[in-house]
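Q: This is the structure I want to talk about, given as C-alpha cells.
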Amino acid sequence: MNKSSKDLEEYLAAMADGEYIDPKVKQELESRLESDPELSAALHIQTAMKNMLHHKHEALHIQAPMDLRTSIMQGISLEQNNAPRQVKSLSLMESFWNALDPIVSALSPTFAIPAIFAICMAGYMYMSDGAQSETESIPNPSMLKVVHTGTNNICTQAYSSYHAYESGVLQPQMLTSNQDRLSQFFAEHGVTYPVHYPKIDAELIGGVVSQEKGTKFAHFIYKVGEHIIYAYEVPQGLVDNQTLSVNPRAMEIVNKADWYWEQENGASNTMVLWKLGPNLCVMVSDLRTEQLSALIHVKET
Amino acid sequence: MNDLTILSGESFVEAQKFDNFGLYPSATIKAPMNTIAAKQSDFEREALPHMNALYSFAVRLCRNREDAHDLVQETFMKGFRFFDKFERGTNCKAWLFRILKNTYINQYRKDKREPDIVEYDVIEEFYDLIRSDSSESTDLQKKIFDNLLDDEVSIALESLPETFRTTIILCDLEGMTYEEIAEIIECPIGTVRSRLHRARKMLASQLLVYAKQRGYDTKDFE
C-alpha cells in the first residue's frame, strides 16, 4: 500500500479516537509511527486536543437559559391545541358529505359526477380557507401567556407591588443587604415560614411584609444597576385558592418545565414564577427575560 | 356509508368515506386522538433531555445566544411535528442535532454562502513548526494545552471554520462517534475523519498562539 506520511496523517484522528481503520492501513500506520517521529508527534497533537477538550468539557458547556424549556413546552402545547382541529375538520367533512348525500341522490348519473366535482372544489376551498385562518390566528409561542385574575393571585400581587415600589408608593420596611437580618425582620413581623432567597447575581436592598387573610408574607427587593427585581415568596401550601391563588395553567407549566416566564401586558417587564424549595417565588423585573434568567443560579436536576 | 365512528376507549377515529360516490376507493382514515397526548409525553421523555447539549452546540454555531435560543426552539418544534417519523429506539440525540444543523443552514446562517476557506497553507506551515522530533515536547504540549484558559479554548474553537468547528464539537465535546457525526452532517465517515484531523490541527495552532501570548516558551516546538 505504502501511503505517504501525508496520506497516513488523515488516519491519526481515527487512531486517537479508537475508530475503525482498515487493518492494512492500521498496520502500516503503526509501523510508520515507530520510525517517523513527525508522524508520532502529529498523533500526540491529535490526542492532546482530544484530551484537552474532554477535560474542559464541563467548562466549555454552555448552559441553556431557564426560559428555553418553557418556550419549547409552550410551543408544543400550541401544536397540541391545534391538533384536535384536524378531528374537527373531519367532522366538518362528515357534515359536508352528509349534506351532499340527498342532493347527489336526486341527480341523474350524467350530472352527478360534474356536480360532485364542483361542490367538492367549493367545499375544499372553504375548508382550506378556514384552516388558513386558524393557522394565522395562532399566537407566537413566546407571546403565549395566561391571565392572572383575583386579588389574591400571587402574580397579580407581585405585579402590583412591583409597580408600587417602582413609583415610590411602596417603600421597603427594612433596608438591608443581609439575608439573615431580613429573615429576622420577617420573623419578627409575623412571617411564620422560612424564606428561601434565590441565588441571584443582584444586590438585596430590603424587604416588606404583606398580609392576606391574616397571614403574613415576605417580599424582598433586589437591585442590578438601575434595574429592579421584586421578589415575592409564599409557601406552596397556602396557594390553595383560599388564602392565595395562582393561575392553574401557569402552575402546570411550572410543574412540567420548572419555570413560567411571561412579559407583562403593555410593558417590557418580565415575570417569572418557580418553586423555591417548599415555597413559590414570583419575581417581576424591568430586566428582559434573557437578562433576568442569566442572573439566577440554579442547579439542574 | 358516510359514518364517522369514535371508538370508545380506542385511540383512533375511524371514518369510512366516499363509498357512495365511487369517486375514490373505499378508504379508512385513522386520525390519532389520545396519541397526541402520548406523542407529547414520548417527545418530552426522549427529546427534551438533549436540550442543553443542543443549546450549547447552537451557541457555538450561531455565535450568539439569542439566535441559539430561537434555533433550539425551532428545532424542537420541528422535532415534535415530525416525531412520528422518528424511529423509536434509534439515536434521538443525533436526529435532533441533524434537524438543528439543517435548520441553522436554512434559516440562521448569516452568510449562506460562507465558504470554508481556510488559510490552510499557513496553518500547515505553523503545524510543521510545532511538530517536534523530541518526545519530551509531548509533556510540554500537554502542560501548555492543559493550562490554557477556558475562554481561550472557547474563542479558538469559535474561530474555526464552520464545518471543522461542527465536527470537532460533535466529536470531542458531545462525544459522538464518527458514524453519528456522519449522519448529522450528512457526509461519508472518511470526510468526518479528515475534517476532524484538520480541525484539531487548526485548534492546536490557534492555541499555541495564545500560549505564546501568555508567555509560554514554545521554542521546543519550533
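The values are calculated or read from the model by the stated rules, or taken from the named source; none is laboratory data. Owing to the predicted nature of the structure, the values given are computational and were not obtained by experimental measurement. Ideal geometry is used to build each Cβ from the backbone, glycine not excepted, and the neighbour counts take in all protein chains shown. Heavy atoms of the whole protein, side chains included, go into the accessibility calculation; ligands, DNA and RNA do not. Shrake-Rupley method; radii C 1.70, N 1.55, O 1.52, S 1.80 Å.
Q: Name the residues in the range A:1-23 that are in a helix (DSSP H, G or I), at pLDDT 90 or above and under 48 Å from the mean Cα position of the chain (by Cα), would you? Walk me through how you get there before you give the answer.
A: From the range A:1-23, those in a helix (DSSP H, G or I) are A:5-9, A:12-17, A:23; that's our starting set.
Of the ones still in play, those that are also at pLDDT 90 or above are A:12-17, A:23.
Selection gives A:Leu12, A:Ala13, A:Ala14, A:Met15, A:Ala16, A:Asp17.
Q: Something else now. Based on what the data block shows, is A:Leu204 assigned by TED's automatic domain parsing to the domain that holds A:Asp286, in a strand (DSSP E or B) and either at pLDDT 95 or above or surrounded by 14 or more Cβ atoms within 10 Å (Cβ to Cβ) (or both)?
A: yes
Q: While we're here: From the list A:Leu29, A:Leu39, A:Leu68, exactly one residue is among the aliphatic types (A, V, I, L, M), part of a helix (DSSP H, G or I), at the interface with chain B (Cβ under 7 Å from one of its Cβ atoms) and open to solvent by less than 20 Å² (accessible area, probe 1.4 Å). Which is it?
A: After applying the criteria, what remains is A:Leu68.
Q: Can you list the helices (runs of 4 or more DSSP H) lying wholly within the range B:82-197 that have 2 or more residues being modelled with pLDDT of 90 or more and open to solvent by less than 30 Å² (accessible area, probe 1.4 Å)?
A: So the answer is B:92-103, B:150-158, B:162-168, B:178-185.
Q: When only residues in the range A:236-276 that are open to solvent by 60 Å² or more (accessible area, probe 1.4 Å) and assigned to a loop (DSSP other than H, G, I, E, B) count, which is nearest to the other protein chains (Cβ to nearest Cβ)?
A: By that ranking, first place goes to A:Asp258.
Q: Regarding the range A:75-96, can at least one residue be identified that is open to solvent by 20 Å² or more (accessible area, probe 1.4 Å), modelled with pLDDT of 65 or more and not in a helix (DSSP H, G or I)?
A: Taking every residue of the range A:75-96 in turn, none turns out to be open to solvent by 20 Å² or more (accessible area, probe 1.4 Å), modelled with pLDDT of 65 or more and not in a helix (DSSP H, G or I).
Q: If I ask for residues that are open to solvent by less than 60 Å² (accessible area, probe 1.4 Å) and farther than 15 Å from B:Thr191 by Cα, which ones from the range A:4-14 would you list? Lay out the reasoning, then the answer.
A: Just the residues of the range A:4-14 that are open to solvent by less than 60 Å² (accessible area, probe 1.4 Å), to begin with: A:4-5, A:8-14.
The answer is A:Ser4, A:Ser5.
Q: Report, by residue number, each residue of the range B:60-74 that is without any contact (Cβ under 8 Å) to a residue 40 or more places away in the chain, facing chain A (nearest Cβ under 9 Å) and open to solvent by less than 10 Å² (accessible area, probe 1.4 Å).
A: Matches in the range B:60-74: B:Ala68, B:Val72.
Q: Taking the condition of a type outside the set (Asp, Glu), touching a Phe, Trp or Tyr at 6+ places or on another chain (Cβ under 7 Å) and open to solvent by 20 Å² or more (accessible area, probe 1.4 Å), does A:Val224 pass?
A: It is false that A:Val224 is of a type outside the set (Asp, Glu), touching a Phe, Trp or Tyr at 6+ places or on another chain (Cβ under 7 Å) and open to solvent by 20 Å² or more (accessible area, probe 1.4 Å).
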